[in-house]
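The values are calculated or read from the model by the stated rules, or taken from the named source; none is laboratory data. Model, not experiment: these values are computed from the prediction. Heads up, the Cβs are rebuilt from the backbone with ideal geometry, glycines too, and the neighbour counts pull from every protein chain shown. SASA here: full protein model, heavy atoms, side chains in, ligands and nucleic acids out. Shrake-Rupley method; radii C 1.70, N 1.55, O 1.52, S 1.80 Å.
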Amino acid sequence: MPCTVVTGGFWGDEGKGKIISYLALNDQLDVCVRTGSVNAAHTVWYQGRRYALHMVPAAFVHEKCRLLIGAGANVHIAQFLKEAEATNVKNRIGIDHQASIIEEKHSTQDKTRAHLKGIGTTGRGVGPAIEERVGRTAKLAKNIPELQPYLTDVAGEVNNAIDNGKKALLEGTQGFMLSLFHGTYPYVTGRDTSASAICSEAGVGPTKIDNVLVVFKAFMTRVGEGPLPGELTKEGALKRGWFEIAAGTGRERRSAPFNFELAKKTVMINGATQAAVTKLDILYPQCKGARNYDELPEEAKQFIKEIEKQVGIPVVLIGTGPEALDIVDRRK
Ligand code: IMP
Ligand code: MG
């Protein structure tokens, strides 16, 4: 897999952090480029520790992986420095010169503009920061003294790595249903979250991509406002064990059963070649910790087969617990 794009299948929080951390360790990734911004939190559990990452790529768990933040991303300086320290990656993380900067004033704008509050923004300021970039008045990483040691040409580095047969991964953030273009507008985020947009933010052309891996959770969740087909009540969610609290904002997530029609749309528009399904152990507790397909109960296998039949691509990775290595890998 010289270049894989990982994209979220629903409204974010599908477990991309977990899948990417597994791929980093198992496939020995050489380069990982994170896109998007601080509104997204990727949770990684590794060696008993939990990390909620807003800036550092989830592949940090593989110590030889070069970590990059693409030109299309928005960097929160304090958050970046704090996470780079906490994950001990200062010597192997780079930021593109042209990534833009998200500041306190953007967060204030998010929190005080009534229509943004109404769509349930995370309040991190990402939409207003992108507006400023579109207005061509944004600050860029290259203008910031504290970021000088990290500046690099991300597109140059990643294309060079791909051309030399190294393994690269482009880390999408949020979910496809939050795409500014294809999602449930106006209940969306401020950017396109599709695989094509992830490539664009990182600076990799579509002909260089071998694999588009879409990550679905075994049930759907959503934070903030906007439609969620089949939505359960909080009681119903609690009863099924689907009730979650957001890693990034502490908000309660709404939940609903897996929706095949939405999954098909995601697979089509992202040009997905492979799928991952996370949290299968929440639907079928007997799956917990399984690392072999044969260990899964028949019902769980049927669910996976149904997804494959309906969306038309193979489910190659199945999450069976929170740790990076709690996974059934069917690529082997
Ligand atoms: P904003 O991008 O922070 O303005 O939020 C817009 C909408 O997208 C809100 O409904 C948020 O809850 C949702 N959203 C933004 N980022 C994420 C994410 O990483 N995971 C889940 N939902 C998100
Ligand atoms: Mg998240």
> Is at least one residue of the stretch 100-110 in contact with a Leu (Cβ under 9 Å, 6 or more places away or on another chain), closer than 30 Å to Glu146 by Cα and without any contact (Cβ under 8 Å) to a residue 40 or more places away in the chain?
Replying inline: yes
>> For the list (1) within 24 Å of Val328 (Cβ to Cβ); (2) within 16 Å of ligand 1 (Cβ to nearest atom); (3) among the aliphatic types (A, V, I, L, M), I need the number of the one condition that Ala272 fails.
In response: (2)
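Among Val56, Val33, Val38, Val61, which is the only one that is closer than 21 Å to Gln174 by Cα, β-branched (Val, Ile, Thr) and within 14 Å of ligand 1 (Cβ to nearest atom)?
Values: Val56 fails: within 14 Å of ligand 1 (Cβ to nearest atom); Val33 fails: within 14 Å of ligand 1 (Cβ to nearest atom); Val61 fails: within 14 Å of ligand 1 (Cβ to nearest atom).
Going through Val56, Val33, Val38, Val61 in turn, the sole match is Val38.
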>> Please verify whether Asn211 is of a type in the set (S, T, N, Q), in contact with a Ser or Thr (Cβ under 9 Å, 6 or more places away or on another chain) and more than 16 Å from ligand 2 (Cβ to nearest atom), treating the condition exactly as stated.
In response: yes
> How many residues are at pLDDT below 95 and of a type in the set (Ser, Thr, Tyr) if we restrict to the stretch 116-145?
Replying inline: 2
> So how many residues does the stretch 32-58 have that are farther than 15 Å from Ile20 by Cα, within 13 Å of ligand 2 (Cβ to nearest atom) and of a type outside the set (A, V, I, L, M)?
Replying inline: 3
> For Gln174, all conditions in the list (1) within 14 Å of ligand 1 (Cβ to nearest atom); (2) without any contact (Cβ under 8 Å) to a residue 12 or more places away in the chain hold save one; what is the number of the exception?
Replying inline: (2)
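For residues that are outside any helix (DSSP H, G or I) and either open to solvent by less than 20 Å² (accessible area, probe 1.4 Å) or within 16 Å of ligand 2 (Cβ to nearest atom) (or both), scanning just the stretch 193-208, find the one that is nearest to Ile95 (Cα to Cα).
Taking the stretch 193-208 first, the residues outside any helix (DSSP H, G or I) are 193-194, 203-205.
Subset that is either open to solvent by less than 20 Å² (accessible area, probe 1.4 Å) or within 16 Å of ligand 2 (Cβ to nearest atom) (or both): 193-194, 204.
Numbers: Thr193: 20, Ser194: 21, Val204: 15 Å.
Filtering first and then ranking leaves Val204.
Scan the stretch 166-177 and tell me whether some residue there is open to solvent by 10 Å² or more (accessible area, probe 1.4 Å) and hydrophobic (A, V, I, L, M, F, W, C). Give the steps one after another, and end with the answer.
Quick first cut of the stretch 166-177, residues open to solvent by 10 Å² or more (accessible area, probe 1.4 Å) only: 166-167, 174.
Those left that are additionally hydrophobic (A, V, I, L, M, F, W, C): none.
For the stretch 166-177, residues open to solvent by 10 Å² or more (accessible area, probe 1.4 Å) and hydrophobic (A, V, I, L, M, F, W, C): absent.
Can you work out which of the residues in the stretch 178-192 that are of a type in the set (A, V, I, L, M, F, W, C) and open to solvent by 20 Å² or more (accessible area, probe 1.4 Å) is nearest to ligand 2 (Cβ to nearest atom)? Reasoning before the result, please.
As a first pass, look at the stretch 178-192 and keep what is of a type in the set (A, V, I, L, M, F, W, C): 178, 180-181, 188.
Applying the additional criterion that residues be open to solvent by 20 Å² or more (accessible area, probe 1.4 Å) yields 178, 180-181.
Values: Leu178: 11, Leu180: 18, Phe181: 21 Å.
This residue is Leu178.
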> Under the condition of being outside any helix (DSSP H, G or I) and touching a residue at least 24 places away in the same chain (Cβ under 8 Å), which residue from the stretch 131-152 is most open to solvent (accessible area, probe 1.4 Å)?
Replying inline: Lys139
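Identify, please: which residue in the stretch 304-329 is open to solvent by 30 Å² or more (accessible area, probe 1.4 Å) and more than 21 Å from the chain's Cα centre (by Cα) and is, among those, nearest to Ile269 (Cα to Cα)? Before you say what the answer is, go through the steps one by one.
Step one: of the stretch 304-329, the residues open to solvent by 30 Å² or more (accessible area, probe 1.4 Å) are 305-306, 308-310, 312, 314, 322-323, 325.
Filter again for more than 21 Å from the chain's Cα centre (by Cα), leaving 305-306, 308-310, 312.
Values: Lys305: 21, Glu306: 20, Glu308: 17, Lys309: 18, Gln310: 15, Gly312: 13 Å.
Here the answer is Gly312.
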>> Need pairs with beta-carbon distance below 9 Å; first residue within 11 Å of Gln274 (Cβ to Cβ) and within the stretch 302-325, second part of a helix (DSSP H, G or I) and among the basic types (Lys, Arg); sequence gap 6+ or separate chains.
In response: Val311/Lys264; Val315/Lys305
